[in-house]
């Protein structure tokens, strides 16, 4: 199972291009970002980020990035749908 904090760190690095910028985005230290990404790489058995300036994702990292971004959109859609249903439910009960 994917670890939420590790995935957030990976996404932040992939989207910002640096561990430092990812740390600022997540309000944690750059070393914490590094540890989370390394742990994710170890658990998946693949290098996900090429550590250059700027950082970029490997093929395995691209697959994970696409997966996580897709799930992020699905979650947003679900929450929007759920919120819409909840609001209409309360409106109907008045």
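Observations
- Computed over the Cα atoms of the chain, the ratio of the radius of gyration to the Kirkwood radius (Rg/Rh) comes to 1.16.
- Residue-averaged 222 nm ellipticity for the chain, from DSSP H runs of 4+ at -39500 (n - 2.57), nearest 500: -25500 deg cm²/dmol
- Choice from 84, 17, 61 showing the highest fluctuation, given a GNM over the chain with Cα pairs closer than 10 Å: 84
- For the chain, modelled as a GNM whose springs connect Cα atoms under 10 angstrom apart, the maximal fluctuation among 73, 48, 64 occurs at 73.
- To the nearest ten degrees, helix 4-16 and the longest principal axis of the Cα atoms of the chain are 70 degrees apart.
Any read-out appearing in this document is the output of simple, stated calculations on the displayed coordinates, not a laboratory observation. Quick caveat: nothing in here was measured; it's all calculated off a predicted structure.
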